[in-house]
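Right, one structure below, let's go through it.
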Amino acid sequence: MPKFFGTGIPCDSPLAAFSKPYYNRGAGKSCKEKKENCRMLINVIQSLSDGRGVDWGQALAQVLSVGFVVLCVLPLHEFAHGWVACKLGDPTAKNAGRLTLNPFKSLDPLGALAILLVGFGWAKPVPVNPRYFKTPKRGMALTALAGPLSNLLAALLGAFLATGMAAGSARHGFNAATYFIFQVLYYYVVVNISLAVFNLVPVPPLDGSRIVGMFLSDRALAAFYKNQQALSFILMILLVSGKLSGPFSMAQQAVANVIFRVAGLPFGLFGL
């Protein structure tokens, strides 16, 4: 699974701020006890992000989170593409029966396995015909953007639930059940952020290439797609070699920091 928080939680990370709001609140525990609970919470998040202390429970949490992503989030990703395209005048996905959240309509076994192994993958893409759009480049860009946005919204929901659980556990302590649920939510957020960031890479056939296409001239766009196989091959080589691990981790951490800050606002954990 991807580890986008590095080898620990930096002091300015919003995750580190889980320990701050509950030191002096009355919850039937001493300040020292509450600090110990907060330290335990930080250790939990660090162990998850560092990959330390892997056990069967943690592995099961990863599998469950990936399963939820494959069965619910990837169909939502593709549905978002089709829905936006339909709103912009393209009925292709609707006519093909792909304007649905049925996971078996969009399931790609190899893409699902890739999510489990490397943290990002793919589903069967919905068909889109840009000739239906009044402005094809703009229509394709908006349609493409809908997919990663759906992943970010799903990550925000997961972060909201995880943050709420963390807020309560910082006061009352973790038990085995809450720890396991927190693991599932944590990996769920990780995978969604990974999918969003990966799909925004401006290389065909990823969504980012359609977004970039809106800003290219017709001639440049034609040349861009003429070389899409070479660009895709180069991207694959860079991924396999690990050359993109650093940039991906930095992008994922930046997105995660924003998402957790926003998710923590209702609980007064940290501000923007």
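The values are calculated or read from the model by the stated rules, or taken from the named source; none is laboratory data. What you see is a predicted model, and the numbers here were worked out from it, not measured in a lab. Virtual Cβ from ideal backbone geometry, glycine too; neighbours counted across all protein chains shown.
Report yes if Arg219 is touching a residue at least 60 places away in the same chain (Cβ under 8 Å) and of a type outside the set (A, V, I, L, M, F, W, C), otherwise no. So Arg219 fails the test. Does any residue of the range 197-218 turn out to be among the aromatic types (Phe, Trp, Tyr) and either touching a helix residue (DSSP H, G or I) at 6+ places or on another chain (Cβ under 6 Å) or surrounded by fewer than 22 Cβ atoms within 10 Å (Cβ to Cβ) (or both)? Taking every residue of the range 197-218 in turn, at least one turns out to be among the aromatic types (Phe, Trp, Tyr) and either touching a helix residue (DSSP H, G or I) at 6+ places or on another chain (Cβ under 6 Å) or surrounded by fewer than 22 Cβ atoms within 10 Å (Cβ to Cβ) (or both). The set of residues from the range 220-272 being closer than 21 Å to Ala155 by Cα, out of contact with any Pro (no Cβ under 8 Å at 6 or more places or on another chain) and not in a helix (DSSP H, G or I) comprises Gly271, Leu272. Any residue in the range 176-186 that is under 24 Å from Ala254 (Cα atoms), aromatic (Phe, Trp, Tyr) and modelled with pLDDT of 90 or more? No, every residue in the range 176-186 fails to be under 24 Å from Ala254 (Cα atoms), aromatic (Phe, Trp, Tyr) and modelled with pLDDT of 90 or more.
For (1) farther than 22 Å from Gly67 by Cβ; (2) of a type in the set (S, T, N, Q); (3) surrounded by fewer than 13 Cβ atoms within 10 Å (Cβ to Cβ), each residue gets a yes or a no:
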position	(1), (2), (3)
Ala177	no, no, yes
Phe180	no, no, no
Tyr187	no, no, no
Val190	no, no, no
Ser194	no, yes, no
Leu244	yes, no, no
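Of all residues in the range 101-137, those being β-branched (Val, Ile, Thr) and either modelled with pLDDT under 90 or surrounded by fewer than 17 Cβ atoms within 10 Å (Cβ to Cβ) (or both) number 3.
Screening Leu216 with (1) under 29 Å from Ala85 (Cα atoms); (2) not in a loop (DSSP other than H, G, I, E, B) gives one miss only, at (2). Cβ-Cβ contacts under 9 Å between residues 6 or more apart (or on different chains), taken from a first residue in the range 232-245 that is within 16 Å of Pro202 (Cα to Cα) to a second residue that is exposed (fewer than 15 other Cβ atoms within 10 Å of the Cβ) and among the hydroxyl-bearing types (Ser, Thr, Tyr), are listed as Leu239/Ser245.
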